[in-house]
Amino acid sequence: MANNKETATFIIEHIGGEENIISLVHCATRLRFQLKDTSKVDEEALKNNPGILTAVESGGQYQVVIGNHVAKVYQEIMNQYQIQSGDSTSNGSASNADEIKKSVRSKNPLAKVFEYISGTFSPLIPSLAGAGMVKALLAVLTMFNWLSEESATYAVLDAASNGLFYFFPIFVGISAAKFLNANPYVGGIIGAGLLEPSFTSLMDSSQNLDFLGIPLIISDYSTTVFPLLVAIAFFAPLERFLKKYTPDTIQLFFVPMLSIIIMTPLTALIFGPFSQYLSQLIADGLVALLSFSSVLTGMLMASVWPFLVVLGVHWGLTPITLDNLARNGDPLNAMQAGSTFAQMGIAFGVFLRYRKNKNIRSLSFAATLSGIFAGVTEPILYGLILRYRRLIPILMVSGAIGGGLVGFFDARLLSFAFNSVLTIPAYSPIPQYVLSIAIAFAVATILTFIFGLGKDADASLEAEAANEIANESSEEIAAEAAADDKEELVEGTQIQIHSPLEGELVPLKEVEDEVFSSGAMGQGGAILPTEGKLVAPFDCKITSFFPTKHAIGLTDKNGIELLIHIGMDTVQLNGEHFSSSVKEGQEVKKGDSLVNFDIEAIQQAGYSVVTPIIVTNTNDFKQVASEKSRHVAPSDSIITVVK
């Protein structure tokens, strides 16, 4: 049999070569490839290799099933080739990753920019949505006087909601570096350097500042995005260059040290000030345009506002807004509301059109509420609009209509506030302002509902919804399979394997994963659990335990090697909703607790919890037979192994 290194080389050669691979991750038994072109795969050769159990295309990935030693083959591949390690932390949506990656194949520079931005912000979407909802909750509590803004409780919750936005450069640095396959923590340090008190205190200095003789312009970088996106785009190739020419003996500290020394000042000297100059230029242009036509200014302001936010140059308008408020009110902020409410309308339109898909429904609904009540639209902008570019023209059109109407009615902001339903009294005249933002919201909702996210996204989201429906009906599938009887046992010493879970026993062939249902991994059964507690089915040793805790390998005194895989594709949850206090190499007794998992949370994340229980060394025994389908408890026998 080929060794792990030979197997790794064989796989890369027959999967289309290194250049055909977008990214690679592995779970407990299989390598999961994101490929550019699956037609280049020599599937027959892969399946015939003795070191490979089978190969199959599933869930938007090309999966090569290795078995329990998959981690060693994975490591050999990563050691030999320059392949990006995939990210399995995005709530399990392989289709979302596919959509983000598709743009890079076109070699279109603009598409690559959107891919980079979308790939950076996708992992941050749940955090943005959560923080936005906390802001919305605070707004409602204070509006009804259920919570005082002067209380310590408010201060704690306000800090919780503002933390992500204030330290946004750090999170952007981490996520962008991870997307570009650079050290994410060095990326975070580059962002943190711009927020560190020693740096920010320089803003109070009245002296002309310089760095090694180069003029240094200091500004507030909290909540900004553009400087870090540019900085990490430079940092990633710099790190690769340094690694290439740095001796291994000092690479551990020298590459991060030099990267930080180069990139942090470079960001402060060039990328940050550039956004400052650009914002001032835009502000001056809008003021000049405002004197020419308020309607045209409103249309332009609302249509480009989201992109000013992405670039981080929108703060350049704040001094103008504050100056206008000291006079007779600010029209620019009111015009901007056309864009803000258009974004809310887009989120609501997505919610209405795709309400059968749990993931997109949850995101769009939360994003709509955080926008309406708190004026926080980052989850909409980064989670929906920049991910699905079909929404960009809808945003520009609906925002321009709302902003143009605000300019036509000469609506103005009278006291500083963010655009939300709760801040409507801060604008005048209120009826005309409300009419303008309502029309922007309605137009965006209707256009989004009619045109959707595009054919590819529609197909992907419909497939996800179908999978969710299938998962919800899995209990019915298990009940229908109850008529399947256990096969007749051959002569020999019989060993009983007891159920590690409480739930419905399902024939292995009914599992919706070809690798398991085909028997490629071995024979056994599967359970649809009703309680999220996995226990040891016999006295045994834990011979493998995947870091994400979704899969565990056990070996008993009879030499039975048992793999228990909780759910389908749950490796992509990256350990979320799983907990355990046991470890690899530990001896456990029958009935000992191994893993606890949250069934409802896993299903809400879009995954089936059907759990295959496989004797991976089936060929070492005369027979491995599963009991008939029925409700089982941890004390019940489910598999008989005949020696």
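Within the stretch 276-285, is there a residue that is surrounded by fewer than 13 Cβ atoms within 10 Å (Cβ to Cβ), among the small types (Gly, Ala, Ser) and part of a helix (DSSP H, G or I)? There is at least one residue in the stretch 276-285 that is surrounded by fewer than 13 Cβ atoms within 10 Å (Cβ to Cβ), among the small types (Gly, Ala, Ser) and part of a helix (DSSP H, G or I). Taken over the stretch 1-20, residues that are under 15 Å from Glu43 (Cα atoms) and not in a helix (DSSP H, G or I) amount to 3.
Within the stretch 424-473, being modelled with pLDDT under 95, small (Gly, Ala, Ser) and either outside any helix (DSSP H, G or I) or more than 26 Å from the chain's Cα centre (by Cα) (or both) holds for Ala426, Ser428, Gly452, Gly454, Ser473. Among residues of the stretch 329-355 that are farther than 17 Å from Tyr427 by Cβ, those with a Cβ under 7 angstrom from a residue that is of a type in the set (Ser, Thr, Tyr) and not in a helix (DSSP H, G or I), sequence gap 6+ or separate chain, pair up as Gln343/Thr377.
Would you mind finding the one in Leu563, Leu554, Leu573, Leu505 that is buried (at least 20 other Cβ atoms within 10 Å of the Cβ), modelled with pLDDT of 85 or more, more than 20 Å from Ile638 (Cα to Cα) and outside the structural domain of Gly51 (by TED's automatic domain parsing)?
Numbers: Leu563 fails: more than 20 Å from Ile638 (Cα to Cα); Leu554 fails: more than 20 Å from Ile638 (Cα to Cα); Leu505 fails: more than 20 Å from Ile638 (Cα to Cα).
Testing whether each residue is buried (at least 20 other Cβ atoms within 10 Å of the Cβ), modelled with pLDDT of 85 or more, more than 20 Å from Ile638 (Cα to Cα) and outside the structural domain of Gly51 (by TED's automatic domain parsing) leaves just Leu573.
Each row is one residue, and each column tells you yes or no for (1) at pLDDT 90 or above; (2) in contact with a Pro (Cβ under 9 Å, 6 or more places away or on another chain); (3) in a loop (DSSP other than H, G, I, E, B); (4) among the charged types (D, E, K, R).
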site	(1), (2), (3), (4)
Arg32	no, no, no, yes
Lys47	no, no, no, yes
Pro50	no, no, yes, no
Ser88	no, no, yes, no
Gly92	no, no, yes, no
Ser95	no, no, no, no
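Scoring Val376 on the criteria (1) at pLDDT 85 or above; (2) part of a loop (DSSP other than H, G, I, E, B) leaves a single failure, condition (1).
Residue-wise test of (1) free of Cβ contacts under 8 Å to residues at least 40 places away in the same chain; (2) closer than 30 Å to Gln84 by Cα; (3) among the aliphatic types (A, V, I, L, M); (4) surrounded by 15 or more Cβ atoms within 10 Å (Cβ to Cβ).
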residue: Phe144; (1), (2), (3), (4): yes, no, no, no
residue: Lys178; (1), (2), (3), (4): no, yes, no, yes
residue: Asn181; (1), (2), (3), (4): no, yes, no, yes
residue: Val186; (1), (2), (3), (4): no, yes, yes, yes
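Please state which one of Val609, Val588, Val615 is in contact with a Pro (Cβ under 7 Å, 6 or more places away or on another chain) and either among the aliphatic types (A, V, I, L, M) or in the same structural domain as Arg30 (by TED's automatic domain parsing) (or both).
Values: Val588 fails: in contact with a Pro (Cβ under 7 Å, 6 or more places away or on another chain); Val615 fails: in contact with a Pro (Cβ under 7 Å, 6 or more places away or on another chain).
After ruling out the rest, the residue left standing is Val609.
Within the stretch 168-181, the presence of a residue that is basic (Lys, Arg) and either farther than 30 Å from Pro265 by Cβ or not assigned by TED's automatic domain parsing to the domain that holds Val255 (or both) is excluded.
The values are calculated or read from the model by the stated rules, or taken from the named source; none is laboratory data. Keep in mind the model is a prediction, meaning the values are calculated, not measured. Every residue, glycine among them, receives a Cβ derived from its backbone with ideal geometry; neighbour counts consider all protein chains shown.
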